Ligand code: HEM
Ligand code: HEM
Ligand code: NFV
Ligand code: SF4
Ligand code: SF4
Ligand code: F3S
Ligand SMILES: [Mg+2]
C-alpha cells in the first residue's frame, strides 16, 4: 500500500481528503467551465465570416450555441450533484466547510491572507481539507455558479421548447430583463476565468511551499499533512 | 374691464400648452404662453455615446418624429467632420419630405380644420351642392354625390348615437364659423380621407428607417443598404414602393389639400388675413441639401433672416456665432450659473430645472416671475418667428425662384396682397404652399437616387469616423435643420468620446417661449395681441391663431 | 341625446361596408390575436352587438408618438373605424374642445360612465417635487391620473413611457418619471410596450377588450401575450444568418448589402420581446432590422440605459463608452496575471529565505552538536 512510501519521511502523514465523486465532480466541472467559457465567449463576440455562402449551407454558430447549452446542462447537474455530496460526503467535502459561519474560519482567513497572500509572516500555513480562505472563495464561486445557472437557463427558457429551462424563467424579470440577465451572465464568465487563474496558481503554490501534494490530491485523493513532534505519521482514510 | 381667461389644456396640438389672455373691449390686450411639462432630455443626454443621441432626441417628439434625429446626426457629423455619401443625403431628404407631407396634412385636417369647419353644420348640407363644389375645385375622383351623402349619413348617425367622442363640447354653432354647410361637409369628408391617407406616406420612413413613428437614423449616413440584386436591401421593389407613395402623396396634396385650403381660406380671408401677424422678424436655417450639407447655396430652402418684414434684405445666420442664437431664462423655470439676465449660446447652454411657480392645483401662474418650461431663444437679441411662413419669406427674400413662384401662386389663388401673408391665415396658407413645393421636390430627389444607383453608386454610409478611437479628445458641432414647425438646431460638445453638453433649440421654443429679459414677447404671445374675441367663454379665435403655428410643446421644452 | 348606442357592425353598415368586408375585418383581427375560427366568430358577434366603449385617453409626460402610431393602424378598415369602434371621449391630441370644454368632456365621461370606461394612458408621471414637472389645467399629472383611474374599468398603459418611464426615466431621471403600474393599484392594467407600440398591436389590444369584454392574457410584466411572448430574434427573418454565423461587420459593408445578421452591430433582438418580426410596422412594410438598423430594444424596460446601442452588451459603468464587459474582463485578467507573477517572485524569495533559515538552523545544530 501507498502508506509505505510515507514511512520514508516520518514527519508527514497521508490523508485521504478527496473522495472519488468529488474528484470526478471537479474535473467534470473544470472541463464544462472551459467549454462554456470558450463557447460563451464566441456567443458574445462571434467571429465574422465574410462569405457569399447562403445561410443554409452553414450552421456553425448554431453549433457553438448547441455545445454551450449541452455543456450548460452538464455543468448544472454536476453542480447539483456536488451540493448533494456536501451533505453525504466526508468531512472535508461537507457544506459547512464552505460557509464561514464560525469564528475559527474567519481567523483562518486572516491567517492565510497574512501568510500566503501578503507574505507578512514567514512559515507555512496548514490545514487538512481546504484552507479557510480557499473554502470561502469556493463558496463565493458556488454562489456565482447558482447565478450563472439562473441567468443561463433563464435566458434559455426563451429559446428552448423544453420544460426544464422554463423553471428558471421567473428569474429574468427580477434582474430587469433579458439584456440584464445576459450582462450578468457574461460578467460571471470573467469571474470564472479570474477564479481559475488564481485558483490554479494557488494550488501549485501551496504544493511548492507546503510540499503537501495538493495538486495531485484532486487526482488521487490523498494529501500529505505535516505531523507535529507529538504525533506519529499515520494514515487517515475516510473512504 | 380687463378680463383674464385661461385655456389649459390647449388641445389639438402636441404637448401641454397653457395660454392666459387679458381681454378688454372684446380684444386681447395681453397674452402669456406657458409650457407645463418637462422631461429634461438635455440633462439625460450627458455622458452618453454621441452616436446614440439621435434615438434619445427623436423621442422628444412623435409628431415631428425624425426631425430631431436628423438634427442630431448632423450635429455629430459636423463636430467630427464626417461627410455623408450623396445617397444618404437623398434618402434623408426623402424622409424629410415624407415627414412634411404627413405632418402638414394632419395638422391641416385633424388639428386645425375644426377651428374653421363646423362639423355639426354639415348635417344641413346638400350633398349634391357639395359634390359640385368639390368637382369645380379639383380633379380628385372621390367627389360624387353618393360619396358625400354617405359621409353625411355617417356623421348623422354618429351625432344621433349621443356619443360624440372627440367632437363633444366643440365650439359648434359659434358665430365665427363662416363656411356654408356644403363646404363644411367637404371638410369633414376630407378629415376622414386624410386620416386614411396619412398612414400611407409614412411608409417611406418604414422602408428607409424600419418604422414610423421614430424611424432609425445613423451617424455617417443611413442604416439601409442599397443592393438591387438582393432581397434584403433596397432593391427595385422597395424603390418602386417609395416612388408610388411619393406620387400618391403629390396627388393628394395637389388634389385635396391645396384646393381645400384655397376654398376654406377664401371664406375667412376678409378678416383673418389681417389678424394674428405678430412678430415682424423671421428666421430659417434652410434645408434639403442638393450638394451636401456644407453647401448652403444648394439648399432647397434657403437660410437667413428677415427683419421688420423687409423682404428686400436677407441677413446671414451662423449657428456657431456666440452672439447670434442665445437662450434666456428670465421667465423660464431654470437656473443659470451666472444669473437670470444673460443669454447663453447653446454650446455654453445650461439646463438646471428650477420650478418657482405655484403648487398645483393652481388657478393662475405668476406672469411677473417665471412662468414656463420653455427657454426663450433670441437671434441677435431679436424675437423671431419660425415655421412655414418664415421659410417662404426667407426664400422669397433670398430671391429663390421656386419659392417666389409658389408664393405668387398662392396670393393669386386667394386674390390677396402680399401683406395678407403676415397673419394667422398667411401662416396656414404658407404651410400648404410649401407642402406643394415639397411634393414636387420629393420626386426630384427620388429620380436623383435612382440615377445614382443606375450609375453604380450604392454607398449609403461613411464609416471612417465610426470608431470613437478616431475622434479628437474634444469636438463641438451644430446640426441645423428645418423641422415642419420651423428652424431646428442641436448643439453638441463631445469630450473623451462622450457627450459633454447637448442643447436643443426647437422651432416651438422660438415661437411659444415666454418673454425675454427686455420683456419682448415671442411669436405666440405677440400674435394674439389685438385679436377680437366674440365670446370669452368660447375663445375659438385664440385657438385659430395658436393652431396656425402648429404648436408642439413636447418639442419646445424637451 | 341618449339614444341606444349603435354597434360597430351597425356603424360599419351605415358607412357602406358590406357584411363580407365586416367578416374579413374580423378575420384579420382574429389573425393578429392568434385565434381559431371559433374565436373569429366571437369577434363578429361582439362587434355586432356591443355599443361603443367609452374611452379616456390621457396625455402625460410623453411625445405623442403613441397617439401617432395609433392613428397609423391599417388592417383592413383604417383609423376612422378604430375611432368609431370606441367612443374616444377625451384625447388632447384630437378632440375639438379645449380648456374648460375639454375638461367638461373628461368629467362627463368619468361621471356618466363610472366603472365602464377604459382609461388609456400615454406618458409617465413625474413624481419628484409634488409632480410640478407635468401639469394639465393647473393640476399635476398624478392628480389627473388618480382621478381618472378611480372609475376606470381597466387601464391601458400605452408605450414605454406609461409602461416603464421611457426616455425621461433614463439616468438620472431628472423629473422622477414613473410608469403607471407603480402608481395605480387594484385595477386591471395592460402594458402595451414599445416606443411606440406597433399600430396594429395597439388596435389589436383594443379589439380584444371590445370583443371579449375582458383584457387579454398577460405575462408577468402585464404585457399581452398575444404580442409580446416572442423575442424579435425568434421571429427575425435574418435568423438563419445568425445561426450560420454570418454577420454584418460595419454598416453598409458587403455583408450588410447581403442582409446578414446585425448581431455584431449591437442588435438587441435576442433580448427584446415584441412583434416586429411578425406583424412588422405600418401594415407589414418593414421593421428596423429589415431596413438595416439593429433593434435597440425599444419595448424593454430600461432600454435607454442598456446602451450603447451599437454594442452587443451594455457598457460598463464608470469605464467609458467603449468599455464592454470583455474589455474590463481582459484588463482584470492581465492584472491578475501580473499579480500572480509578482506573487510567484515574492514566493521564491521567501522560500529561499526559509531554506537559508533552515540551512542556518542546521548549521547551528551542527555547531551545537560540536560543542
Ligand atoms: C461557467 C458557466 C458559463 C459560462 C462561463 C457561460 C458563458 C456565456 C457567455 C460569455 C455567453 C455570451 C453572453 C453574451 O455576451 O451574449 C453565454 C450565453 C449564454 N449562455 Fe452561458 N455560460 C455558462 C453557463 C451557462 C449555463 C449553465 C447555461 C444554461 C443553459 C447557459 C446558457 C446560455 C445562454 C442561453 C446564452 C445565450 C445564448 C444565445 O444568445 O443564443 N450558460 N454564456
Ligand atoms: C489544472 C487545473 C486545476 C487543478 C490542478 C485544480 C486543483 C484543485 C485542487 C487541488 C483542489 C482542492 C483545493 C484545496 O484543497 O484547497 C481544487 C478544488 C476546486 N477546484 Fe480546482 N483545479 C484545477 C482547475 C479548476 C478549474 C478550471 C475550476 C473551475 C473554474 C476549478 C474549481 C475548483 C473548485 C470549485 C474546487 C473546490 C472543490 C470542492 O470542494 O468541491 N478547478 N482544485
Ligand atoms: N417644434 C417642433 Fe417639432 C417640429 N416640427 C421639432 O423640431 O414638433 Ni414636435
Ligand atoms: S413610449 Fe416612446 S413613442 Fe410612446 S410617447 Fe413615450 S417616447 Fe413617445
Ligand atoms: S438581426 Fe438581430 S434579431 Fe435578427 S437574427 Fe440577428 S441578432 Fe437576431
Ligand atoms: S427597436 Fe423596437 S421596433 Fe422592434 S425591432 Fe426592436 S423592438
Ligand atoms: Mg433646449
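Structure summary
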{"read-out": "Members of the range B:454-497 that are surrounded by fewer than 19 Cβ atoms within 10 Å (Cβ to Cβ) and more than 17 Å from residue B:220 (Cα to Cα)", "value": "B:454, B:455, B:456, B:473, B:474, B:495, B:496"}
{"read-out": "Matching option when the condition is more than 27 Å from residue B:75 (Cβ to Cβ) and within 16 Å of ligand 3 (Cβ to nearest atom), among B:515, B:427", "value": "B:427"}
{"read-out": "Matching residues, the range B:339-363, being facing chain C (nearest Cβ under 8 Å) and assigned to a loop (DSSP other than H, G, I, E, B)", "value": "B:355, B:357, B:359, B:360, B:361, B:362, B:363"}
{"read-out": "The range C:291-306, subset within 7 Å of another protein chain (Cβ to nearest Cβ) and in contact with a strand residue (DSSP E or B) (Cβ under 9 Å, 6 or more places away or on another chain), residue nearest to ligand 4 (Cβ to nearest atom)", "value": "C:300"}
{"read-out": "Answer residue from the range B:516-555, given it is within 14 Å of chain C (Cβ to nearest Cβ) and over 19 Å from residue B:6 (Cβ atoms) and is nearest to ligand 7 (Cβ to nearest atom) among those", "value": "B:555"}
{"read-out": "Helices (runs of 4 or more DSSP H) contained entirely in the range A:132-207, each with at least 3 residues that are buried (at least 19 other Cβ atoms within 10 Å of the Cβ) and more than 12 Å from chain C (Cβ to nearest Cβ)", "value": "A:132-157"}
{"read-out": "Tabulated pairs, the range B:391-404, first without any contact (Cβ under 8 Å) to a residue 40 or more places away in the chain, second assigned to a helix (DSSP H, G or I) and surrounded by 20 or more Cβ atoms within 10 Å (Cβ to Cβ), C-beta under 9 angstrom, 6+ apart or interchain", "value": "B:404/B:395; B:404/B:396"}
{"read-out": "Wholly within the range C:161-272, helices (runs of 4 or more DSSP H) carrying at least 3 residues that are away from chain B (no Cβ under 13 Å)", "value": "C:199-212, C:225-228"}
{"read-out": "Count - residues of the range C:86-134 that are closer than 27 Å to residue B:539 by Cβ, surrounded by fewer than 22 Cβ atoms within 10 Å (Cβ to Cβ) and more than 7 Å from chain B (Cβ to nearest Cβ)", "value": "7"}
{"read-out": "Candidates B:183, B:204 - the one that is closer than 24 Å to residue B:123 by Cα and surrounded by 24 or more Cβ atoms within 10 Å (Cβ to Cβ)", "value": "B:183"}
{"read-out": "Unique match (being under 30 Å from residue B:324 (Cβ atoms) and within 9 Å of another protein chain (Cβ to nearest Cβ)) among B:278, B:221, B:209, B:292", "value": "B:221"}
{"read-out": "Where residue B:469 falls short, out of the listed (1) within 14 Å of another protein chain (Cβ to nearest Cβ); (2) at pLDDT 95 or above", "value": "(2)"}
{"read-out": "Some residue of the range C:132-149 being within 16 Å of ligand 4 (Cβ to nearest atom) and closer than 26 Å to residue B:194 by Cβ", "value": "no"}
{"read-out": "Filtered residues of the range C:232-256 (kept if in contact with a helix residue (DSSP H, G or I) (Cβ under 8 Å, 6 or more places away or on another chain) and buried (at least 21 other Cβ atoms within 10 Å of the Cβ))", "value": "C:232, C:233, C:236, C:241, C:242, C:244, C:245, C:246, C:247, C:248, C:251"}
{"read-out": "Residue in the range C:293-301 that is free of Cβ contacts under 8 Å to residues at least 12 places away in the same chain and surrounded by fewer than 24 Cβ atoms within 10 Å (Cβ to Cβ) present", "value": "no"}
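Residues checked against (1) buried (at least 21 other Cβ atoms within 10 Å of the Cβ); (2) within 11 Å of another protein chain (Cβ to nearest Cβ); (3) not in a loop (DSSP other than H, G, I, E, B):
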residue	(1), (2), (3)
B:108	yes, no, yes
B:113	yes, yes, yes
B:132	no, no, yes
B:147	no, yes, yes
B:151	yes, yes, yes
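The values are calculated or read from the model by the stated rules, or taken from the named source; none is laboratory data. All of these numbers come straight from a predicted model, not from anything done at the bench. Glycine gets a Cβ as well: all are built from the backbone with ideal geometry, and neighbour counts include every protein chain shown.
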